[in-house]
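The values are calculated or read from the model by the stated rules, or taken from the named source; none is laboratory data. Source: prediction; values computed, not measured. For the accessible areas, the whole protein counts, side chains as well, though only heavy atoms, and no ligand, DNA or RNA atoms are used. Shrake-Rupley method; radii C 1.70, N 1.55, O 1.52, S 1.80 Å.
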Amino acid sequence: IDCICPMPQSLFIGLITKSPGSKSKIINLIYIRNKYKYHKMNSDLNSIGIEKKPSETKVVVAMSGGVDSSTVAGLMKKEGFKVIGITLKLYDDGKEVAASKQCCSGQDIMDAKRVSHKLDIEHKILYYQNKFKQGVIDNFIDSYLKGETPIPCVQCNQTVKFKDLFEVSKELKADAMI
């Protein structure tokens, strides 16, 4: 299952179904403002389920610097979409963080930038060190001191990574965030 988030408030999930002895079918389930709508892929829809030509469709790809997001950016570019890669900078520039393999660290940012350059797509870095500290690290410390077992990645995903990235995607007038 591929998950794509077309703007403004939709969730696109593409499902491939196969039945014995028949050609595979692609069925898309689109969640739009609390309503489900089924449709079969047709020539009016691009591969992410939007009624635009890929060349007229702007997509934001959240690029961690890893293989998965780099591959998605490459596939979108190959299909002809207008691709903007965005990487989040969540840590300060301390030597130990820049050289580490932590999420969104210095090396990951350089990897995403290098891939974007090679793919010839626009790449932006969002400097979210303060948002990350306030929204994730400080909450983690407070929760831990209360004797709770915090999960900082969940907090980060719910705030900095998806909520804030979604807002930036809308500001960029993107048709989808992938």
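Tabulated data for the structure shown
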{"item": "Accessible area of Phe162 in the full protein assembly, 1.4 Å probe (Å², nearest 10)", "result": "110"}
{"item": "Heavy-atom accessible area order for Ile178, Ile137, Ile84, largest first, 1.4 Å probe", "result": "Ile137, Ile178, Ile84"}
{"item": "Greater than 25 Å apart at Cα, pairs in Lys53/Lys113; Lys53/Lys161; Lys82/Lys161; Lys78/Lys163", "result": "Lys53/Lys113; Lys53/Lys161; Lys78/Lys163"}
{"item": "By accessible area with a 1.4 Å probe, ligands and nucleic acids excluded, highest first: order of Ile151, Ile109", "result": "Ile151, Ile109"}
{"item": "His123 accessible area, 1.4 Å probe, all protein chains in place, Å² to nearest 10", "result": "30"}
{"item": "Accessible surface of Lys146 - all protein chains present, 1.4 Å probe, nearest 10 Å²", "result": "150"}
